[in-house]
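Only one structure is covered here, and it is reproduced in the block below.
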Amino acid sequence: MNARTLIAVLAVAVAIAAVGGALAYWHAAAPPAPTSPAPTTTSSTAPITVAYAVALTDPPVVPSGTTAVLINYSGVAAHAEGYGWIYANASGSVNLLAFQNLSVVLAQVSVPANATVNEIRLYVDNASVVVNGTEYPLMLPSGVLTIPIANASRAAQGALVDLQPHVTVAYVGDQPVFIMAPAAVAVPLNYTAPPGTVHHVPEELRAALARSAASVTVTSAVIRVAGNETIISVTVRNDGNVPVQVLGIGVDGDWSLSVPPVTIRTEDLNATIQVSGATARMHMVFFANGTQLVPALEAAPYLEAKWFLPPNAKAKEFRVEWEGNATEFDHDMKDWWGNMSRSAPDHITIAGPNGTTLVNATQLWRWNSTPPAPSGLPGSGRGNWSQWPAAAPALADSNTMHDSDEHLAPSLNVPGYTLGPGQSATFTFEGTITLGPRLDIEGSAGPITITIAPIAGQSYGITVMTIPASKATATATAG
């Protein structure tokens with residue numbers, strides 16, 4: 001091993017030893033801890049066991065400015081044919097961006113000798129992403145990732161999991177919400193090693209991982225809009241010979257934003273801001289609850305926003321009506337002007353005690369200020385996040401065997417949908433997508449309802465989130 005390789009391995013070893021910070025995060029339906037069930041075996045004598053390594057590799061696809069994607073896990077499980085799920089009480093934190101052509105062993109699971117391990121489970125307590133120096137919670141469809149092992153072999157001594165999540169960003173008002181669309185494949189390993197061991201991934205393993213991708217096709221994609229109502233229908237076919245878990249779909253394009261009049265009331269000023277023709281480009285993620293699609297943004301907690309539009313939004317017109325203290329209005333309007341002019345409206349209408357003024361947003365005006373967008377990712381900062389629901393407890397039993405683990409996950413909020421070989425399924429959403437941030441402008445705070453919908457005539461890119469990972473995509477024009 002040369003000096004450069006040794007330095008890279010040591011750097012990753014240090015990275016995986018770090019434990020994430022004390023943020024509160026959201027996840028859906030990670031299982032409760034087992035309650036010490038009796039092991040189930042095929043005879044009265046416990047089988048001879050061997051150490052089976054579970055290793056993780058490869059960085060995710062992330063937004064610009066991302067420096068870390070942190071996954072905190074509380075358990076790893078291996079499914080052995082004839083023995084069921086076997087759990088290892090392994091926990092830790094990994095930065096997925098540290099694994100370019102490297103792998104790290106997360107756990108060793110004690111499995112019966114000569115058993116065939118055909119699936120791996122990773123129990124995720126929480127996840128976060130660091131963008132432009134700020135740490136944000138990552139939203140996941142589930143706290144449990146189940147990954148089948150391609151070409152599972154009785155001779156294998158471990159499994160290499162290639163976790164390939166796509167991290168995308170959407171907005172509630174001006175607050176970013178980061179969503180992780182999990183995708184993964186796994187292949188057998190011919191070695192075992194203690195947790196924390198770092199290896200380079202040889203080319204033959206990388207080729208095996210690439211061959212393990214699911215064969216999934218989008219056979220139909222329809223997007224329609226009726227007023228503020230969104231209708232999405234995507235039909236997916238499994239062309240492979242193994243089951244595929246469909247976790248959801250992503251829809252990328254321009255979306256319309258409907259915002260009610262925003263009222264600001266202080267001791268010396270009453271003002272109302274209205275916007276028309278607002279749009280923003282966003283990657284909207286819909287999680288699959290069976291074949292029903294659930295907008296991920298609607299599962300976000302209530303956020304405190306400083307403005308009602310995303311930083312990259314465009315608008316046709318703003319109208320500001322005000323009465324009260326002119327000095328206070330000028331002070332507040334300077335802040336509003338930066339947000340408004342960034343949206344490049346055709347004009348801004350100011351209606352006050354002295355009449356109505358029509359202003360071109362590109363003109364030099366006494367309210368001109370620098371739009372408050374940070375460098376890199378647009379956004380106004382983390383803001384005041386409400387706590388996400390509590391994370392799942394760590395698994396209490398180490399290397400415990402079960403015929404089934406149904407008692408561990410009695411219900412999942414968004415469990416996805418399993419598509420058997422040769423099967424098709426249609427995933428649908430029909431309804432109004434509404435967000436409800438708490439808007440705080442110049443000390444005047446209150447809830448606001450923002451409605452999002454596709455734009456008729458616009459083209460949208462569609463991606464399908466699956467495990468094993470796939471490259472299923474399509475385009476659709478909203479009707």
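The values are calculated or read from the model by the stated rules, or taken from the named source; none is laboratory data. Predicted model only: the values in this text are computed from it and were never measured. Quick reminder, even Gly has a Cβ in these numbers, built from the backbone with ideal geometry, and neighbours come from all protein chains shown.
Any residue at all in region 235-258 that's in a loop (DSSP other than H, G, I, E, B) and farther than 30 Å from Met465 by Cα? No - not one qualifying residue is present in region 235-258.
Looking across region 270-282, the residues that are buried (at least 18 other Cβ atoms within 10 Å of the Cβ) and closer than 22 Å to Asp252 by Cβ come down to Ala278, Thr279, Ala280, Met282. Scan (1) of a type in the set (Gly, Ala, Ser); (2) at pLDDT below 90; (3) farther than 17 Å from Pro182 by Cα; (4) part of a loop (DSSP other than H, G, I, E, B) for the single condition Ala8 breaks and write down its number. Here Ala8 clears every test but (4).
Annotation note: Cβ proximity below 7 Å between a residue of region 314-331 that is buried (at least 16 other Cβ atoms within 10 Å of the Cβ) and assigned to a strand (DSSP E or B) and a residue that is modelled with pLDDT of 95 or more and of a type in the set (Phe, Trp, Tyr) (sequence gap 6+ or interchain) occurs for no pair.
Among the residues making up region 102-142, those that are in a strand (DSSP E or B) and of a type in the set (S, T, N, Q) are Ser103, Gln108, Ser110, Asn118, Asn126, Ser128, Thr134.
Please specify each residue of region 157-209 satisfying the condition of being of a type in the set (D, E, K, R) and over 25 Å from Ala127 (Cβ atoms). Of everything in region 157-209, those that are of a type in the set (D, E, K, R) and over 25 Å from Ala127 (Cβ atoms) turn out to be Glu203, Glu204. Per the listing Val105, Val111, the residue uniquely over 26 Å from the mean Cα position of the chain (by Cα), buried (at least 20 other Cβ atoms within 10 Å of the Cβ) and either closer than 18 Å to Leu160 by Cα or modelled with pLDDT under 90 (or both) is Val111.
Residue count for region 178-231 satisfying the condition of being exposed (fewer than 14 other Cβ atoms within 10 Å of the Cβ) and in contact with a Phe, Trp or Tyr (Cβ under 6 Å, 6 or more places away or on another chain): 0.
Elements of the type strands (runs of 3 or more DSSP E) sitting completely within region 148-213 and holding at least 1 residues that are without any contact (Cβ under 8 Å) to a residue 40 or more places away in the chain: these cover 184-189. Of all residues in region 446-479, those that are in contact with an Asp or Glu (Cβ under 9 Å, 6 or more places away or on another chain) and surrounded by 14 or more Cβ atoms within 10 Å (Cβ to Cβ) total 9.
Taking region 85-101 as the range and being under 24 Å from the mean Cα position of the chain (by Cα) and either closer than 18 Å to Thr49 by Cα or not in a loop (DSSP other than H, G, I, E, B) (or both) as the test, the residues that pass are Ala90, Gly92, Ser93, Val94, Asn95, Leu96, Leu97, Ala98.
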